[in-house]
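S.K.: Pasting a structure here, questions to come.
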Amino acid sequence: MTTIKVALLGFGTVGSSVYQILQSQQSKFERLIGRKVEIVGVLIQDETKQRDIADGILVTSSFEELINVSDIDVIIEAINGIEPGAGYLHKALEKGVHVVTANKELLAHEGKSLRETADTGNAQLKYEAAVAGGVPIIGTLQQLLQVNYISNVEAILNGTSNYILTEIAENKVSFQEALLTAQKLGYAEADPGNDVDGWDAFYKLMILSDLLLGDQPDWTQVTRRGIRGITLADIQAVETAGWRIKHIASLQFNKGKAQLRVEPRAVPQGHSLYEVAGVDNAVAIEGDLAGNLKLQGPGAGALPTASAILEDFVQLYKKSDNRKPVIDTTFSAEDSNRLQDWLITAPSIPQTAAVKQYWSGKEANSNTYLLSATAEELKNLLQAGEIHNFFRVAGARQEISDTFPVPI
């Protein structure tokens, strides 16, 4: 029986979790794959730091030394940023070494070229853990929905932002207090910008765009708003009206035109993402045969991410799929001057807005309005201090009224 030789890039919380699971559950992986699994090397930054790594495993800060270990079969990458990771993975794939990665920023920037390198090197590139933690969205789209047509995806892809919004709503605290709690619990980094400014969800949405459409839009065409400006008063006013605020990444496709957004939205009761709380991620998919599907699970934490990485690792030895869809797609930017439905929080009715429904807030000067307005108009009202905040209505498909599915 031949042995599968594995090298780890990175030994932080995720990398060390992958190591511990592989080392402690050897018999399980041998049963699943039919071959023994051996970790032969670990790439780290500081060779002087003490780590709980078994004797006989190469521990090095040199990728060249690691990649030249005899007969490496798989590299599991668990480091942050684009470089040097992209260069490492290209070299591995060129040599025919399979790659499993959880690096969403790297994939958003380099995913297309990495897949091309994988094809050239006759290797596989797996990245389930990069999009929704322990939620198997990539595997679902690749394996379960191959005969379906996907026309709409709405997803909560950042567990940190979802936790902060939940904490504000449930414990009646400020954004800063909720962020501090998230940092203490390890859900948010010391610099939380990637999470709370929407970049993390943005990178993940670009990966889904590559998967579904075979391409990404120009990044300037994608609406991206984070959650920094959301207050307790906003959340309470919206909840008084029976809605909740969720940070949602969306992809819609109709008649060859795709539109992608990352933004806080007002979610009505009955919407598939309404009850998603805490660090959970969730993805709602519309398929022509399967109908409406929802996947939900932990989106933050070392173990959910390690779980997704190891599921990918097992799949390497079950079925290969570097499939790239080829779809004639035109990406469109937000039309900021087109009328749409929004939920806003404001002290009073904006004079220029067409209000459809009104809810009086529990606190003075904090009311909620369902209205028709342009994005540009609302941005100007926000800057002028005439409204507190504005949220697109989740589930509203005004931009693409007729369903035109995406074949995958």
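The values are calculated or read from the model by the stated rules, or taken from the named source; none is laboratory data. Everything numeric here is computed off the predicted structure, so don't read it as measured data. Cβ sites come from the backbone with ideal geometry, for glycine too, and all protein chains shown count toward neighbours.
S.K.: Would region 88-102 turn up any residue that is crowded, with 24+ Cβ neighbours inside 10 Å and under 24 Å from Ala188 (Cβ atoms)? It would help to see each step written out before you state the result.
M.R.: Looking only at region 88-102, we keep the residues that are crowded, with 24+ Cβ neighbours inside 10 Å, and these are 89, 92-93, 98-102.
In the following step, the residues that additionally are under 24 Å from Ala188 (Cβ atoms) were identified as 101-102.
Yes, region 88-102 contains at least one residue that is crowded, with 24+ Cβ neighbours inside 10 Å and under 24 Å from Ala188 (Cβ atoms).
S.K.: What's the total number of residues in region 303-357 that are modelled with pLDDT under 80 and either of a type outside the set (Gly, Ala, Ser) or in the same structural domain as Tyr187 (by TED's automatic domain parsing) (or both)? Before you say what the answer is, go through the steps one by one.
M.R.: Taking region 303-357 and keeping what is modelled with pLDDT under 80, we get 318-329, 350-353.
Retained after the next criterion (residues that are either of a type outside the set (Gly, Ala, Ser) or in the same structural domain as Tyr187 (by TED's automatic domain parsing) (or both)): 318-319, 321-329, 350-352.
The number of residues fulfilling the criteria is 14.
S.K.: Quick test of your reading of the structure: Gly134 fulfils all but one of (1) in a loop (DSSP other than H, G, I, E, B); (2) surrounded by fewer than 17 Cβ atoms within 10 Å (Cβ to Cβ). Name the failing condition by number.
M.R.: (2)
S.K.: Shifting gears a bit: Cβ-Cβ distance below 8 Å, separation of 6 or more or different chains: which pairs start in region 174-190 with a residue that is of a type in the set (Val, Ile, Thr) and end on one that is in a loop (DSSP other than H, G, I, E, B) and at pLDDT 95 or above?
M.R.: Close Cβ pairs (under 8 Å, with a partner that is in a loop (DSSP other than H, G, I, E, B) and at pLDDT 95 or above) amount to Thr181/Val173.
S.K.: Next question, about the same structure. Could you list, in sequence order, the residues of region 59-112 that are in contact with a strand residue (DSSP E or B) (Cβ under 8 Å, 6 or more places away or on another chain) and of a type in the set (D, E, K, R)?
M.R.: Glu65, Asp71, Asp73, Glu77
Conditions (1) more than 15 Å from the chain's Cα centre (by Cα); (2) at pLDDT 95 or above; (3) not assigned by TED's automatic domain parsing to the domain that holds Tyr274, marked per residue:
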{"position": "Gln143", "(1), (2), (3)": "yes, no, no"}
{"position": "Thr166", "(1), (2), (3)": "yes, yes, no"}
{"position": "Ala169", "(1), (2), (3)": "yes, yes, no"}
{"position": "Ala201", "(1), (2), (3)": "no, yes, no"}
{"position": "Leu213", "(1), (2), (3)": "yes, no, no"}
{"position": "Ile227", "(1), (2), (3)": "yes, yes, no"}
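S.K.: If you check Gly270 against the conditions, is it touching a residue at least 12 places away in the same chain (Cβ under 8 Å) and assigned by TED's automatic domain parsing to the domain that holds Ile156?
M.R.: Numbers: touching a residue at least 12 places away in the same chain (Cβ under 8 Å): no; assigned by TED's automatic domain parsing to the domain that holds Ile156: yes.
When the stated conditions are applied, Gly270 does not pass them.
S.K.: Just checking, does region 264-280 include any residue being at pLDDT below 90 and either among the charged types (D, E, K, R) or under 19 Å from Val131 (Cβ atoms) (or both)?
M.R.: To start, the set of residues in region 264-280 that are at pLDDT below 90 comprises none.
No - not one qualifying residue is present in region 264-280.
S.K.: Additional query: Among (1) surrounded by fewer than 22 Cβ atoms within 10 Å (Cβ to Cβ); (2) in a loop (DSSP other than H, G, I, E, B), where does Gln236 come up short?
M.R.: (2)
S.K.: Of the residues Ala54, Ala118, Ala123, Ala78, which single one is surrounded by 22 or more Cβ atoms within 10 Å (Cβ to Cβ) and under 22 Å from Ala302 (Cα atoms)? Walk me through it before giving the result.
M.R.: Working: Ala54 fails: surrounded by 22 or more Cβ atoms within 10 Å (Cβ to Cβ); Ala118 fails: under 22 Å from Ala302 (Cα atoms); Ala123 fails: under 22 Å from Ala302 (Cα atoms).
None of the other options fit; the residue is Ala78.
S.K.: Moving to a separate point now. Of all residues in region 29-43, how many are more than 11 Å from Ile57 (Cβ to Cβ) and under 29 Å from the mean Cα position of the chain (by Cα)? Even if it seems obvious, please write down each step before you answer.
M.R.: To start, the set of residues in region 29-43 that are more than 11 Å from Ile57 (Cβ to Cβ) comprises 29-37, 43.
With the extra rule that they be under 29 Å from the mean Cα position of the chain (by Cα), the set shrinks to 29, 32-33, 43.
Summing the residues that are more than 11 Å from Ile57 (Cβ to Cβ) and under 29 Å from the mean Cα position of the chain (by Cα) in region 29-43 gives 4.
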